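The values are calculated or read from the model by the stated rules, or taken from the named source; none is laboratory data. In this text, all values refer to a predicted model and were calculated from it rather than measured experimentally. Note: ideal-geometry Cβ built from the backbone for every residue, glycine included; neighbour counts use all protein chains shown. Protein only, heavy atoms only, side chains kept; ligands, DNA and RNA dropped before computing areas. Shrake-Rupley method; radii C 1.70, N 1.55, O 1.52, S 1.80 Å.
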Amino acid sequence: MLYRRFGRTELQMPVFSCGGMRYQYKWQDVPQWQIPGDNQANLEATIQRAIELGINHIETARGYGTSEMQLGRILPKLKREKLIVQTKVSPQADAKLFLKEFEKSLKYLRLDYIDLLGIHGINNAELLNYTIRADGCLEVAKKLKDQGKVRFIGFSTHAPTDIIIQTINTNQFDYVNLHWYYINQVNWSAIEAATHYDMGVFIISPSDKGGKLYDPPQKLVKLCAPLSPMVFNDLFCLSHPQVHTLSLGAAKPTDFDEHLKTLDLLGNASEILPPILARLEEEAMTILGEDWVKTWHVNLPTYEQTPGQVNIPIILWLWNLAIAYDMVDYAKMRYNLLGNGSHWFPGNKVDQIDKLDLHQCLKRSPHADKIPRILTQAHQLLQGEAVQRLSRS
């Protein structure tokens, strides 16, 4: 395993982290006796495999159902000083509820302290306010740190980049968990801001939210050759030294295997990546047109500025991926979260475009004339059954 300094925490962080949202029994808390033996055995085997590989960062959250409870049956058996354990607790309007949830996490994990406590899901201005205002959740977290129950405090986010940067600029956090990978690089300026403050940078879900790369379309496989799309994406992310670790949501012990191929390639990333990057860009321009690829995102309205709260930037992004790279399954999954993802994936689909006047909100876009037609095509291609976030399913 390779390790990177995790910003001002000074922790030596493995470049791959063992994310804990895919191996648990259920997305809701249940009594421990209800957890099947084979499920628990698989989780423990997955953690043991991670430790064998040197992946000593175990990451979970209060919102990941039985994950913490199940981890609590193995973590106390391991050498505590060798582990970096992270859990995350969502901000609350009442900070006492935040404290109550943290105490539940600590009880379930059966640990005396947490290395990394993340404020889970600072996704909009309201949740940021809950966190940083006087007597807010951050004050509670700092008291927990003073009590020795937490070593470092960070935050996770699915927010627009401006909210992420606003949160980083408070200089109150030691690290950030955010989305950034080849198909979605909009948060690079947030990573630069985190680097400025010497914060640790943890990339959320690069293989799932980063394109369902464990089940890629054949076109993407060919474009990324000789690497698999998953290894390409890992190498792309880790070729940037500002990125410290990638979350691998392992569901079974063998889920680490493909990612490990990245480690021997890192020293040659500057030779390996350019031909693949050039192919991907060329294919997108060939299919979508150079002008569109370079400017489709310019001056688009936010979903709050759009009639029906249609999330135009997300829908166009998904359409681009589906058309250029045949990533239709991924695009369908994400598209059908719209309207069901709350502040984690906000805005709506475009199923009633004939009833919406988008002229005003698109007037500054260089593609105002064609976007309504593309939105219609996107809905026709991607519509399906509504998808719930995993934690609500």
Discussion item. Given the criteria of a type in the set (D, E, K, R), touching a helix residue (DSSP H, G or I) at 6+ places or on another chain (Cβ under 9 Å), farther than 30 Å from residue 347 by Cβ and open to solvent by 10 Å² or more (accessible area, probe 1.4 Å), does residue 82 qualify?
Written reply: yes
Considering residues that are touching a residue at least 60 places away in the same chain (Cβ under 8 Å) and touching a Gly at 6+ places or on another chain (Cβ under 7 Å), the number found within the stretch 123-153 is 1
Within the stretch 317-343, the residues that are part of a helix (DSSP H, G or I), over 18 Å from residue 212 (Cα atoms) and not hydroxyl-bearing (Ser, Thr, Tyr) are 343
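Rundown of residues vs (1) of a type outside the set (A, V, I, L, M, F, W, C); (2) closer than 26 Å to residue 193 by Cβ; (3) assigned to a loop (DSSP other than H, G, I, E, B); (4) modelled with pLDDT under 95, yes/no style:
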| position | (1), (2), (3), (4) |
| --- | --- |
| 13 | no, yes, no, no |
| 33 | no, no, no, yes |
| 41 | no, no, no, yes |
| 63 | yes, yes, yes, yes |
| 70 | yes, no, no, yes |
| 86 | yes, yes, no, no |
| 96 | yes, no, no, no |
Note on the stretch 198-223: residues more than 16 Å from the chain's Cα centre (by Cα) and either buried (at least 20 other Cβ atoms within 10 Å of the Cβ) or of a type in the set (Val, Ile, Thr) (or both) are 199, 216, 220, 221, 223
Taking residue 226, is it over 12 Å from residue 165 (Cα atoms) and touching a residue at least 24 places away in the same chain (Cβ under 8 Å)? no
Scanning the stretch 294-313 for residues that are open to solvent by less than 40 Å² (accessible area, probe 1.4 Å) and among the aliphatic types (A, V, I, L, M) gives 300, 310, 312
Looking across the stretch 33-47 at residues that are surrounded by 14 or more Cβ atoms within 10 Å (Cβ to Cβ) and of a type outside the set (A, V, I, L, M, F, W, C), the single one that is nearest to residue 212 (Cα to Cα) is 46
Worksheet item: Right, residue 51: open to solvent by 10 Å² or more (accessible area, probe 1.4 Å) and more than 21 Å from the chain's Cα centre (by Cα) or not?
Response: yes
Those residues of the stretch 267-283 which are farther than 23 Å from residue 189 by Cα and either open to solvent by 10 Å² or more (accessible area, probe 1.4 Å) or in contact with a Gly (Cβ under 6 Å, 6 or more places away or on another chain) (or both) amount to 267, 268, 271, 272, 275, 279, 282, 283
Among the residues of the stretch 329-350, is any buried (at least 17 other Cβ atoms within 10 Å of the Cβ) and touching a Ser or Thr at 6+ places or on another chain (Cβ under 6 Å)? no
Scanning the stretch 224-253 residue by residue, those assigned to a loop (DSSP other than H, G, I, E, B), open to solvent by 20 Å² or more (accessible area, probe 1.4 Å) and touching a Ser or Thr at 6+ places or on another chain (Cβ under 7 Å) turn out to be 242, 249, 252
**OP:** For the stretch 91-105, state whether one or more residues are within 17 Å of residue 200 (Cβ to Cβ), of a type in the set (Ser, Thr, Tyr), surrounded by 15 or more Cβ atoms within 10 Å (Cβ to Cβ) and under 24 Å from the mean Cα position of the chain (by Cα).
**Re:** no
For helices (runs of 4 or more DSSP H) lying entirely in the stretch 254-303, having 3 or more residues that are under 25 Å from the mean Cα position of the chain (by Cα) and closer than 13 Å to residue 232 by Cβ picks out 269-288
